[in-house]
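Quick notes on the structure that follows.
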Amino acid sequence: MNAHLETFVLRTTLTSPFGRKARMAADVLGLAERVKVVHADTADEDDTLRQQNPLGKIPCLVRADGTAIYDSGVIVEFLQQVADTERLLPAGGPQRIRALTLTRLADGIIDAGALIIYEGRYHEAGAQSERWLAHQRGKILRALATFERAPPDPVKSDAVGIGLACALAFLDKRKPVEWRSACPQLVAWFHTFARREPAFERTRAPE
C-alpha cells in the first residue's frame, strides 16, 4: 500500500497532549485532511482501541489496511516519511540524536504531569504519596529548567517545538506545577511559537 496516497484514522481525544502533538504534526506537514480523528475512550474495555494498540493508549494511528502505529513519537516519524520531508526531524547525524533527545524531554514533562493527575484521580487525599508527587514535580521542573536555559527556535515548527508547545499547554490547562514565574524565557518562546504557528490554534481543544 502506498502511504503517500492513503488516508489514516487517528484514535485519540481532543484533550490529549500527545494526541495534539500528532495532530499538530499532521497539520504542519500538510496532511491534516488525510488524518481523520476518531474519539477513543481508554477506560472503555469495549473500545476497539485495545485491539488497535494492546496497551490501550492514545494516540494510535490506523492505516487503511488496519495496521496500527503508536506512540506519538513514532506517529510523528511516520507522518514525516509520508510527507517525504525532514521538516520535523533530521534524517540522521548528531542533529537527529539531539532533536530526538529533546522531544523525549518534552514528552517526559507530559508523562510526569499525567502521573500527578492520576495520583489525585485514583487515590483519596489521605492515600496519596507526597514523596511520589514531589518526585514527578521534580522531573517537570528540571526539564523546564533545561529548556529555559536553551529554548528552541520559536520560528521553527519541528518535532521539538511541537512537542514542547503541547507540553506547556498541558501544564497551563492541568496545572500539575506552576511554571511560568520561574521560566520567563520559556514563556516568551511559547508566546511567539503559539502566535506564529497556525496549527497550534487549530488543534486547541474546545472548552
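Give the residues of segment 1-13 that are touching a residue at least 12 places away in the same chain (Cβ under 8 Å) and of a type outside the set (Ser, Thr, Tyr), sorted by residue number. Walk me through it before giving the result.
Going through segment 1-13, the residues touching a residue at least 12 places away in the same chain (Cβ under 8 Å) turn out to be 1, 3-4, 6-13.
Met1, Ala3, His4, Glu6, Phe8, Val9, Leu10, Arg11, listed by residue number.
Which residues, counting only those in segment 14-34, are touching a residue at least 60 places away in the same chain (Cβ under 8 Å) and closer than 25 Å to Leu115 by Cα?
Leu14, Thr15, Pro17, Phe18, Arg20, Lys21, Arg23, Met24, Ala25
Within segment 40-72, can you find the residues that are surrounded by 21 or more Cβ atoms within 10 Å (Cβ to Cβ) and hydroxyl-bearing (Ser, Thr, Tyr)?
Tyr70, Ser72
Which residue is nearest to Gly138 (Cα to Cα), if the candidates are limited to segment 151-186 and must be open to solvent by 40 Å² or more (accessible area, probe 1.4 Å) and not in a loop (DSSP other than H, G, I, E, B)?
So the residue we want is Ala182.
Which residues, counting only those in segment 87-118, are in contact (Cβ under 8 Å) with a residue 24 or more places away in the chain and farther than 19 Å from Lys21 by Cα?
Ile116, Ile117
Of the conditions (1) open to solvent by less than 90 Å² (accessible area, probe 1.4 Å); (2) in contact (Cβ under 8 Å) with a residue 40 or more places away in the chain, Asp84 fails just one. Which one is it?
Result: Asp84 passes all but (1).
Sort through Val76, Val37 and tell me the only one that's touching a residue at least 12 places away in the same chain (Cβ under 8 Å), in a helix (DSSP H, G or I) and surrounded by 15 or more Cβ atoms within 10 Å (Cβ to Cβ).
Of the residues listed, the single one that is touching a residue at least 12 places away in the same chain (Cβ under 8 Å), in a helix (DSSP H, G or I) and surrounded by 15 or more Cβ atoms within 10 Å (Cβ to Cβ) is Val76.
Scanning segment 124-150 for residues that are closer than 24 Å to Arg20 by Cβ and small (Gly, Ala, Ser), which turns out least open to solvent (accessible area, probe 1.4 Å)?
Once the filter is applied, the top-ranked residue is Ala143.
Checking Ala99 against (1) in contact with a Leu (Cβ under 7 Å, 6 or more places away or on another chain); (2) farther than 20 Å from Val37 by Cα; (3) open to solvent by 20 Å² or more (accessible area, probe 1.4 Å), which test does it fail?
All conditions are met except number (3).
The values are calculated or read from the model by the stated rules, or taken from the named source; none is laboratory data. Keep in mind that what you see is a predicted model, and the values were worked out from it rather than measured. Don't worry about glycine lacking a Cβ; one is built from the backbone with ideal geometry, like all the others, and counts go over all protein chains shown. Note: accessible area is taken over every heavy atom of the protein model, side chains too, but ligands, DNA and RNA are not part of it. Shrake-Rupley method; radii C 1.70, N 1.55, O 1.52, S 1.80 Å.
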